[in-house]
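The values are calculated or read from the model by the stated rules, or taken from the named source; none is laboratory data. Predicted model, so just to flag it, every value in this text is computed and none were measured. In this analysis, Cβ positions are derived from the backbone assuming ideal geometry, glycine residues included, and neighbour counts consider all displayed protein chains.
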Amino acid sequence: MASRFAPLVLAGLLITTATALAGAPASPELIIANQRFSPQELPLPPAIKVRLVIRNQDALPAEFESYDLSREIVVPGHSQVTVYLGPLPPGRYRFFNDFYQAAEGWVVVSALPAVPEGN
Amino acid sequence: MLATAVIVFREVLEAALIVAVVLGASRGIAGRGRWVAGGIALGVLGACGVAAFADLIAESFSGTGQALFDAVILLAAVAMLAWHNIWMSSRGRRLAVDVAAVGHEVRNGTKPLVALLVITLVAVMREGSELVLFLWALAAGGAQHLGMAGGILAGLAAGALVGVLLYRGLLFIPIRYFFSVTGGLILLLTAGLAAQAAGFLNQAGWLPALGNGLWDTSSILSQASVPGQLLHILVGYIARPSGIQLLFYVGTLLTVFTLMRVVGRQAARIRPTAAKLDAHTDTQLTGS
């Protein structure tokens, strides 16, 4: 019996941990400076909703847009906006500045740590 | 210049297509041209206003103000389009044969002229404000003024041209099917805008995603491509929809469609002559 439920318990623990982490204040930030995104690859945890803050340090307005994430938001100069993302399946999601399309970046969602099977 | 033209074109296109479909669908309603023109003028003013206060809007509601604002005006457009379509389903048949009577009804204030104004206003304001911000960014970034002006004009002209072509194309539809086709187009447009609104509410954290990327057809038809974008505007095509977007799309589609049927059937019962008059419609509407 116990061994049969072990994976379930483990999964439950993982979800609890993930949820606890999600509740933590640390919301990832994306900076726009000199018409570039930084970081260009933004790692995000899988399977939870994330509050992403996008900060535009330039004087020029930018538009954060992503077909992959289905997100679109103008970020006026010297201001910051909030975008909720996910829960996302693992993968790479491209985003770009619609007002300056040479600027692009990726949201990288890593795979969930594998749950060992059958013990 | 080309890059400017392309972006201007994309922003203008969305407004132009919506206006074209709405103009087609309201064919035969007296005074619609003036109300649509008014909507465009107010939309341009609104766009400048939204652009001017972009930072205030963006930073309100803890940085989700813009998504909420977009969602609200999209839902307003959805409500107006639904009203327009339901109203047309009760009058559409008669419009074809009795333009004068409908003009009279509209003058007496029974009609969706306000809806036409709001729909055009929203379409122009939403895309226009992004355009104004983009052009400002471009100008402030030190773009050459001549090239920029050329790009703006080319983009505007191309976007407007596609709108005109769509409208002229719609007019080729035989009058017998005309209002069924435009009604169907408006229905899909409405559902698509509702799905967009759901996306913005999810982006602002007000609605759950109910599954991100239920499916992914971007390898078949990318939303960044021209056909993908046309379909996105006209029928709400989304390459990677979320559950909440699908729910809003289907929910809006079914609700408005059901109301159209119910209202249409009631109208047919009240005016049994409408069906008989239908036979003559082909010859009667050539002038409008």
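Table: residues versus (1) assigned to a loop (DSSP other than H, G, I, E, B); (2) at pLDDT 95 or above; (3) at the interface with another protein chain (Cβ under 7 Å from one of its Cβ atoms).
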{"residue": "A:R55", "(1), (2), (3)": "no, yes, no"}
{"residue": "A:F64", "(1), (2), (3)": "no, yes, no"}
{"residue": "A:E72", "(1), (2), (3)": "no, no, no"}
{"residue": "A:G77", "(1), (2), (3)": "yes, no, no"}
{"residue": "A:V83", "(1), (2), (3)": "no, yes, yes"}
{"residue": "A:P89", "(1), (2), (3)": "yes, no, yes"}
{"residue": "A:F95", "(1), (2), (3)": "no, yes, no"}
{"residue": "A:Y100", "(1), (2), (3)": "yes, no, no"}
{"residue": "A:G105", "(1), (2), (3)": "no, yes, no"}
- [ ] Filter the stretch A:56-77 down to the residues that are small (G, A, S) and surrounded by fewer than 22 Cβ atoms within 10 Å (Cβ to Cβ), then identify the one that is farthest from the chain's Cα centre (by Cα).
- [x] A:A59
- [ ] Determine the pairs where a residue that is more than 11 Å from chain A (Cβ to nearest Cβ) and touching a residue at least 60 places away in the same chain (Cβ under 8 Å), located within the stretch B:239-252, has a partner that is assigned to a helix (DSSP H, G or I) and surrounded by 19 or more Cβ atoms within 10 Å (Cβ to Cβ) with Cβ atoms under 8 Å apart, the partner being 6 or more residues away or on another chain.
- [x] B:T252/B:V78; B:T252/B:A82; B:T252/B:T190; B:T252/B:A191; B:T252/B:A194; B:T252/B:A195
Open item on the list: So, in the stretch A:55-70, how many residues would count as being in contact with an Asp or Glu (Cβ under 7 Å, 6 or more places away or on another chain) and closer than 18 Å to B:F200 by Cβ?
Closed with: 2
TODO: Looking for whichever is surrounded by 16 or more Cβ atoms within 10 Å (Cβ to Cβ) and assigned to a helix (DSSP H, G or I) here; the options are B:L188, B:L207. Which one fits?
DONE: B:L188
Task: Condition check for A:V50: at the interface with another protein chain (Cβ under 8 Å from one of its Cβ atoms) and either modelled with pLDDT of 95 or more or closer than 17 Å to B:A209 by Cα (or both) - done: no
TODO: Scan the stretch B:55-70 and report the pairs whose first residue is farther than 18 Å from B:Q196 by Cβ and whose second residue is in a helix (DSSP H, G or I), with Cβ atoms within less than 7 Å and a gap of 6+ or a chain change.
DONE: B:A58/B:G65; B:A58/B:Q66; B:E59/B:G65; B:F61/B:L68
Open item on the list: So in the stretch B:18-27, with the set limited to residues that are surrounded by 22 or more Cβ atoms within 10 Å (Cβ to Cβ) and out of contact with any Lys or Arg (no Cβ under 8 Å at 6 or more places or on another chain), which one is modelled with the lowest pLDDT?
Closed with: B:A25
Open item on the list: Please count how many residues of the stretch B:8-66 are basic (K, R) and within 14 Å of another protein chain (Cβ to nearest Cβ).
Closed with: 1
TODO: State yes or no: is B:L121 at pLDDT 90 or above, over 19 Å from A:R71 (Cα atoms) and in a helix (DSSP H, G or I)?
DONE: yes
- [ ] Select, from B:L56, B:L45, the only residue that is in a helix (DSSP H, G or I) and modelled with pLDDT of 95 or more.
- [x] B:L45
